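Peer 1: Below: one structure in structure tokens.
Just so it is clear, none of the values below were taken in a lab; they were calculated from the coordinates. Predicted model, so just to flag it, every value in this text is computed and none were measured. Virtual Cβ from ideal backbone geometry, glycine too; neighbours counted across all protein chains shown.
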Amino acid sequence: MKKEFLDLGRQPIANKFLREDEFEDEFFYNLKVVFDDDTKLVSLKDFVKPELMFNDDYVYHTSLSVPMVEHFKKISKKLSFYRESVGYKTNNVLEIGSNDGTFIKNFDRKTSVCVEPCGNFSLKTAHMGYQSYTSFWDSNLSEKIKGHHGKMDLVYAANCICHVQDLDDCFSAVANILDRQGMFVFEDPSLLRMLERGSYDQIYDEHAHIFSVTALKEILHRNGLTLFKVDNLSVHGGSNRIYARHKNIPSDMIIENSVLENIDNERNFGIDNFQTYEFFTERVNKSKNDLVELLSFIKNNGKRVMCIGATSKSTTVFNYCGIDTDLIELITDTTPDKQGLYSPGSHIPVVDRESVNLNDYDYVFLGAWNFKEVITDKEKDFIENGGKFITHVPDVTVFS
Ligand code: JHZ
């Protein structure tokens with residue numbers, strides 16, 4: 001049975017940055033979150049139509065994030081090395097949700113296939129020389145790709161599987177195309193980290209589910225796959241990389257200790273207990289009150305606040321807390337496709353960092369709190385000139 005535990009209110013499409021003439025017709029939905037007592041899966045109560053989120057206007061470019069480019073380079077090497085160490089080659093590679101090709105570019109063009117519903121990105125990987133399918137991942141596509149390219153040694157997906165609404169279809173489609181000795185590896189934000197850090201802004205339209213290892217183990221299993229290894233990652237505010245393979249076949253890939261360790265940690269935290277989610281909701285309410293109180297206090301004292309990072313996460317925060325240009329004057333973001341537009345729902349202008357003198361502001365809110373070190377390092381001058389940062393993770397705090 002699914003039980004609702006959190007209502008984050010009326011929300012827009014998290015990555016749909018707007019022109020002024022689009023304000024009036026902006027799409028909104030109610031963002032509510034449920035816990036499934038049977039599977040222990042945390043999901044949105046109502047899913048948003050995928051085409052509204054993932055289309056040719058999608059603005060999140062993985063390649064524009066230097067730490068993420070490094071991250072994908074490292075994992076590409078690590079995966080090939082890992083497969084070699086257990087005696088297998090990595091010839092055919094399929095990436096689901098290949099974005100602008102940041103991961104796949106580390107693999108051979110001739111034997112790698114990209115799946116990406118956002119046409120702007122699949123065009124890009126096609127230009128890079130990869131077989132690219134502009135489509136959502138499902139069983140039909142799996143069958144089609146298997147027919148054209150054969151079975152895959154490695155199926156990889158980063159920050160994508162948690163976007164898929166029908167997980168049974170998604171996983172059985174992977175099982176269908178995965179070679180007998182193949183490996184399915186995917187990484188997404190971790191539910192445990194979200195609960196520990198109070199980072200409720202991991203919840204937005206695209207994240208149909210926030211995964212625990214506990215829930216994934218069961219859902220993979222009922223679709224013919226065995227989870228055999230987990231890496232805990234610091235990226236995106238705390239993620240898990242999940243490794244799975246076909247179940248019921250003899251394999252040299254043993255089930256590593258990391259699987260049980262993660263499940264134990266989750267159980268000890270109370271991830272399978274509804275009360276944990278009720279406590280989380282209290283924490284989220286407090287975070288909202290603290291942030292609005294702080295920003296209002298700053299404003300009433302005649303001080304100015306701007307934000308760095310026009311993230312999907314900040315869409316949740318601004319709309320849940322009712323923050324608009326009254327409390328945060330503008331946002332800077334390094335993504336050219338977001339610049340010159342307005343943030344979803346809250347309609348705060350997004351501009352290029354170069355066009356802003358940070359010293360005109362007293363406080364910077366960290367919309368991209370997951371890049372706290374990178375940003376505070378870049379903005380040392382601001383701190384030296386008396387500027388202060390605000391973050392809401394793990395608690396609402398001012399620091400310099
Ligand atoms: P970042 C995206 O979420 C969307 P977002 C997606 N749905 C998903 O699942 C997660 O990623 C994983 C900017 N920036 O990575 C660049 C600066 O301006 O936290 C980005 O627009 N200055 C696929 O949007 C944004 O911040 C900087 O110095 O929450 C960061 O977005 C740095 C470092 C970043 O993901």
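Peer 1: Would you mind telling me which residue in SER85, SER258, SER346 has the biggest mean-square fluctuation in a Gaussian network model of the chain, where springs connect alpha carbons within a distance under 10 angstrom?
Peer 2: SER85
Peer 1: Report P(r) for the chain: all Cα-Cα distances, bin width 20 Å, range 0 to the bin holding the largest distance, values in whole percent.
Peer 2: Reading the bins upward from 0: 27, 57, 16, 0.
Peer 1: Okay, moving on. About its Cα centre, what dipole magnitude does the chain give when the only charges are +1 on Lys and Arg Cβ and -1 on Asp and Glu Cβ, stated in debye to the nearest 20?
Peer 2: 1320 debye
Peer 1: Could you identify which residue out of PRO50, PRO349, PRO12 has the top mean-square fluctuation in a GNM of the chain using Cα springs shorter than 10 Å?
Peer 2: PRO50
Peer 1: How many Lys pairs in the range 267-357 lie less than 24 angstrom apart by Cα atoms, where the lysines are 8 or more positions apart or on different chains?
Peer 2: Total qualifying Lys-Lys pairs in the range 267-357 comes to 8.
Peer 1: Tell me, what ³J(HN,Hα) does each residue in the range 8-20 have, in order and in whole Hz, if you take phi through Karplus 6.51 cos²θ - 1.76 cosθ + 1.60 with θ = phi - 60° and put x for Gly and Pro?
Peer 2: Taking θ as phi minus 60°, the curve returns 9, x, 7, 10, x, 5, 4, 10, 9, 6, 10, 7, 4 Hz for the range 8-20.
Peer 1: Search the structure for amide H atoms under 5 Å from the amide H of PHE228, placed 1.01 Å from N in the peptide plane, and list their residues when 5 or more places away or on another chain.
Peer 2: Amide H neighbours of PHE228, under 5 Å, 5+ apart: TYR243, ALA244, ARG245.
Peer 1: OK, next. Given Cα pairs under 8 Å that are at least 6 residues apart, what percent is the relative contact order of the range 27-77?
Peer 2: That works out to 21 percent.
Peer 1: For the pair ASP108 and GLU282, what calculated FRET efficiency results from E = 1/(1 + (r/R0)^6), where r is the Cβ-Cβ distance and R0 = 41 Å, to the nearest 0.05?
Peer 2: According to the calculation, E is roughly 0.20.
Peer 1: For labels at PHE28 and GLU256 in the simple 7 Å Cα→Cβ model, what's the distance in nm?
Peer 2: For PHE28 paired with GLU256, the spin-label model returns 4.6 nm.
Peer 1: Here is a follow-up. Which value in deg cm²/dmol, rounded to the nearest 500, describes the helix-derived mean residue ellipticity at 222 nm for the chain, given -39,500 (n - 2.57) per DSSP H run of n ≥ 4 and division by the residue count?
Peer 2: Roughly -10000 deg cm²/dmol at 222 nm, from the helical runs in the chain.
Peer 1: Quick one: which residues, 5 or more positions from PHE211 or on another chain, have an amide H under 5 Å from its amide H? H modelled 1.01 Å from N in the peptide plane, none for Pro or chain starts.
Peer 2: Under 5 Å from the amide H of PHE211: LEU191.
Peer 1: Hey, got a sec? Which trypsin sites (Lys or Arg not before Pro) in the range 11-63 land in a DSSP loop and have at most 12 other Cβ atoms within 10 Å?
Peer 2: For trypsin sites (Lys or Arg not before Pro) across the range 11-63 that sit outside H, G, I, E and B with at most 12 neighbouring Cβ atoms in 10 Å, the list reads ARG19.
Peer 1: In whole Hz and in residue order, list the ³J(HN,Hα) couplings for the range 227-239 that follow from phi through the Karplus curve 6.51 cos²θ - 1.76 cosθ + 1.60, θ = phi - 60°; x for Gly and Pro.
Peer 2: For the range 227-239, the Karplus curve yields 7, 10, 6, 9, 10, 8, 10, 8, 5, 6, x, x, 10 Hz.
Peer 1: Among ASP205, ASP381, ASP46, which one shows the highest mean-square fluctuation when the chain is modelled as a Gaussian network with alpha-carbon springs under 10 Å?
Peer 2: Answer for the Gaussian network model of the chain: ASP381.
Peer 1: State the answer as a single residue: which of ILE298, ILE249, ASN285 lies farthest towards the positive end of the charge dipole of the range 236-339, with beta carbon charges of +1 for Lys and Arg and -1 for Asp and Glu, about the Cα centre.
Peer 2: With unit charges placed on the Cβ atoms, the residue in question is ILE298.
Peer 1: GluC sites (Glu not before Pro) within the range 1-105: which are DSSP loop residues with at most 10 other Cβ atoms inside 10 Å?
Peer 2: Qualifying residues, ordered by number: GLU24.
Peer 1: So who's got an amide H within less than 5 Å of the one on TYR133, skipping anything under 5 residues away but keeping other chains? H placed 1.01 Å off N, in plane.
Peer 2: CYS114, VAL115, GLU116
Peer 1: Ok, one more. Hey, what did the chain get for relative contact order, percent, Cα under 8 Å, at least 6 apart?
Peer 2: It comes to 16 percent, rounded to a whole number.
Peer 1: Have a look at the DSSP beta bridges in the chain and tell me what percent are antiparallel, nearest 5.
Peer 2: Looking only at bridges with both residues in the chain, the antiparallel portion is about 55 percent.
Peer 1: Right, something else. For the range 336-352, what does the Karplus curve 6.51 cos²θ - 1.76 cosθ + 1.60, with θ = phi - 60°, yield as ³J(HN,Hα) per residue in whole Hz, taken in order and with x for Gly and Pro?
Peer 2: So the J values, rounded to whole Hz, are x, 5, 9, 5, x, 10, 10, 5, x, x, 7, 6, 8, x, 10, 10, 6.
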